[in-house]
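Structure first, commentary second.
The values are calculated or read from the model by the stated rules, or taken from the named source; none is laboratory data. On a predicted model such as this, the values are computed, not experimentally measured, just so you know. Here the Cβ is made from the backbone with ideal geometry for all residues, glycine too, and neighbour counts use every protein chain on show. Quick note on the areas: whole protein, heavy atoms, side chains included, nothing else; ligands and nucleic acids left out. Shrake-Rupley method; radii C 1.70, N 1.55, O 1.52, S 1.80 Å.
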Amino acid sequence: MKRLIILITALAAVVFAAPVSAKDFDPYMIQIGYTGAPDDTAYVDILVKLPADDPMYTDMGVQPRRIKKGWLDDDSNAVYEYENLLIDPDDEIVKYDTDGYVSLTCHHRCVRLLTINTDGIGGYYSRIMQQLELTRDMGINITDIYEKYGDLKAAFVDEHGNILKVTELSRTEYNNSEPYAFIVNGDKLTLRLFGSGDKSEMTALVKAGITAAGIMAVLGVAAAVSTFVSRRKKRGEDR
């Protein structure tokens, strides 16, 4: 009977923990994919409503880098050689400031790298078109940026830093099984974040209470079954 109780308890733990035990992804590494790009698009940049007096604002941030070539080393690890797109302060993407929206890559201090894939490159980058990497030391991830600055936009940019098209304001979706990403489809931008999207303390407490109550209910049923079986066994012995 003890084994039965242990089995039921373990099953309850798995069942009630399942909704909150989804895979966690890195909020400092954000994939960028796009379709419906104008001709001559070299990469997609993200636009954020970042004022010049914000402590995170910088006049000139990182240069987007493109994978020039890739190969496997002796241990079958992918190795890459990069080249920077030479974006300078006079280019349109750097000077862009419309309705307060500016380039995240060019003007936010938390951006560490913007890597652009090249057709035919293997390894990790074969699965994505671009990747935005944020600096961990600052403790500002993509969810923090969204919550502080609000909806974002995306800009299609050519080799020389000219803006070819700007999307509409972003919509946000939450997903427990896919990594953080910006998904651009023509004029549409979707920011995909990890989780359910509901972070209120009250909701967390309610969910925890429901889980605890469910586990207690299962344990109660197990105890009742154990008591019932024990009594029947005792009655049989008394006879």
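For GLY70, the conditions (1) part of a strand (DSSP E or B); (2) at pLDDT 95 or above; (3) small (Gly, Ala, Ser) are fulfilled apart from (2). Kindly indicate whether any position in the stretch 47-67 is of a type in the set (Gly, Ala, Ser) and open to solvent by less than 40 Å² (accessible area, probe 1.4 Å). Looking for residues that are of a type in the set (Gly, Ala, Ser) and open to solvent by less than 40 Å² (accessible area, probe 1.4 Å), one finds at least one in the stretch 47-67, hence yes.
Evaluated against (1) modelled with pLDDT of 95 or more; (2) not in a loop (DSSP other than H, G, I, E, B), ALA52 falls short on exactly one condition, (2). Going by the conditions given, is MET129 in contact with a Lys or Arg (Cβ under 9 Å, 6 or more places away or on another chain) and modelled with pLDDT under 95? Considered against the rule, which asks whether it is in contact with a Lys or Arg (Cβ under 9 Å, 6 or more places away or on another chain) and modelled with pLDDT under 95, MET129 comes out as no.
Residues that are within 13 Å of ILE46 (Cβ to Cβ), out of contact with any Leu (no Cβ under 9 Å at 6 or more places or on another chain) and either at pLDDT 85 or above or among the β-branched types (Val, Ile, Thr) (or both): does the stretch 211-231 have at least one?
no
Going by the conditions given, is VAL79 surrounded by fewer than 16 Cβ atoms within 10 Å (Cβ to Cβ), in contact with a strand residue (DSSP E or B) (Cβ under 9 Å, 6 or more places away or on another chain) and among the hydrophobic types (A, V, I, L, M, F, W, C)? Taking the combined requirement at face value, the residue satisfies it.
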